[in-house]
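What follows is a set of notes on a single structure, which appears directly below.
The values are calculated or read from the model by the stated rules, or taken from the named source; none is laboratory data. Because the structure is predicted, anything quoted here is derived from the model rather than measured. We place every Cβ from the backbone using ideal geometry, glycine too, and count neighbours over all the protein chains shown. The protein model used for the area step is the full one, side chains on, heavy atoms only, and it has no ligands, DNA or RNA in it. Shrake-Rupley method; radii C 1.70, N 1.55, O 1.52, S 1.80 Å.
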Amino acid sequence: MSASHLFSPLTLRSVTLQNRVMVSPMQQYMAGKDALAGPFHFQHYGRQAIGGAGTVMTEALAVSPEGRVTWHDLGIWNDAQADGVARIAGLIGEAGAVPATQLIHAGRKGSVGRPWEGYNPLTAEDAATGFPPYSTVAASAIPANAGWHTPDALDADGIARIIDAYHRAATRAAKAGFRFLEIHAAHGYLIHSFLSPLANKRDDDWGGDLNGRMRFAIAVADAVRAGWPNDLPLSVRISSVDDQAGGWSIEDSIALARALRSVGVDLVDCSSGGLGERTTTKMIRRQEGYQVPYAERVRKEVGVATIAVGLITTPAFAESVIRDGRADLIAIGREALLNPHWSLHTAQALGVDPTFSEWPPAWGWWLEKRSRAARATSSEN
Ligand SMILES: Cc1cc2nc3c(=O)[nH]c(=O)nc-3n(C[C@H](O)[C@H](O)[C@H](O)COP(=O)(O)O)c2cc1C
């Protein structure tokens, strides 16, 4: 068996991840208006749970009703929703992976239709089908894109209410059995709208200079840390850079990572872009691991653990990211949709698991026997 950095464990507080692969948070937009998990979610996460990743992070869970991106997001603002996602946490944990989840408030990017239905702001036409537009909030009353809903700028009470919603959501996530929590501060959602100078035009304590714009993110992280058990790890996903000139920069991300670490954040998950667009940054050429340089820089300059994400698809590249100290974990998104056994296959490709011992034994025993038979046949020929 060959030594692999990707398939080495990592201990964060009291939690040991079996390897450095995390299934990236991916919203499925398959809940009803009650924001409860249902059969599709159980099948999807059960499928990911047995795929060999050390950590399976669920899609983002909305901390409040208006914090949903669509009417079909999962929520965690009430106990029934927490009971539903507890079943997902159980499925992941029983398969030997660490159950992780992510908290979101969509901010000004809420009240849109599902991606495969156009991803556009809801209209009167949607209202006629039972899915009316809903009010959105943000740092400032600036729409995410031309023609999108104009959000209400949050006042001090609104800010306090949302910080409290994050706190309560973190407590519910712990009660539901998750052992690793992430705050979604990227992709143009509420926290990102406070961070970016392109979206935050406030002249009070929650805006202005970098410290003012970071204040909301740090207050949320602080409140989440207080509601989340001290022995469990916490990460924050950031957009390391904006996708527009004059926006948030990697230097800003480094300052933010330092501040987050000081309030008990253990990892920084380095994504990018999405401030006003639906996708990640366009300023960087898309190629394998195109966002890894952000995770590397934050890790090296701040000394905080990082997660690298974005078009990481091949075993050799994934292994190199960990081996070369560019990140502590890698997250696999769409590749895990394509192949939920990506981690098991990668372990084989890297020579870590030649005997299928990492597979569920009900399959591994047969697959190993089959591969021995195949080897014997090929040596006879
Ligand atoms: C269907 C889908 C849903 C997503 N939902 C989320 C989400 O809930 N939270 C988040 O932080 N990122 C979300 N993302 C972004 C992914 O986590 C990941 O960062 C992105 O897809 C790039 O990684 P990849 O190239 O491995 O797919 C989503 C991506 C996809 C494809």
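Brief remarks on what is shown
- Set of lysines near Lys175 by C-alpha distance (under 30 Å), chain-local residues within fewer than 8 positions excluded: Lys33, Lys109
- Taking 0.36 nm per residue of sequence separation and removing the Cα-Cα distance, the Arg285/Leu210 pair yields an extension gain of 24.3 nm.
- Across all C-alpha atoms in segment 117-192, the radius of gyration and Dmax reach 15.4, 41 Å.
- Antiparallel DSSP beta bridges within segment 1-111, percent to nearest 5: 25
- Computed with a 1.4 Å probe over protein heavy atoms only, the accessible surface of the chain comes to 39 Å² per residue.
- Segment 282-381, accessible surface, carbon-and-sulfur percent (1.4 angstrom probe): 57
- The slack between Ala3 and Glu380, meaning 0.36 nm per residue of separation minus the straight C-alpha distance, is 132.6 nm.
- Gained length - Thr150 relative to Ala127, 0.36 nm times residue gap less alpha-carbon distance: 6.5 nm
- For the chain, calculated [θ]222 nm from helices alone, where every DSSP H run of n ≥ 4 adds -39500 (n - 2.57): -11500 deg cm²/dmol
- Of the beta bridges in the chain, as assigned by DSSP with both residues counted there, near 10 percent are antiparallel.
- Distance from segment 138-168 to segment 186-262 (C-alpha centre basis), Å: 14
- Stokes-Einstein diffusion coefficient of the chain, Kirkwood radius over Cα pairs, 37 °C, 0.692 mPa s, in µm²/s: 156
- Each part gets one Cα centre, and for segment 60-132 versus segment 304-381 those centres are 30 Å apart.
- Solvent exposure, largest accessible area first (probe 1.4 Å, DNA, RNA and ligands not counted), of Arg108, Arg375, Arg13, Arg172: Arg375, Arg13, Arg172, Arg108
- Averaged over residues, the count of other Cβ atoms within 10 Å places the peptides 182-189, 224-231 in the sequence 182-189, 224-231, highest first.
- Two-site label geometry, Arg87 and Trp116: point separation in nm, points 7 Å out along Cα→Cβ: 2.1
- Each 10 Å bin from zero up to the one holding the largest Cα-Cα distance in segment 263-371 carries the following percent of pairs: 14, 36, 30, 15, 5, 0.
- Ranking Arg326, Arg47 by solvent-accessible area of protein heavy atoms (1.4 Å probe, all protein chains present), from largest to smallest, gives Arg47, Arg326.
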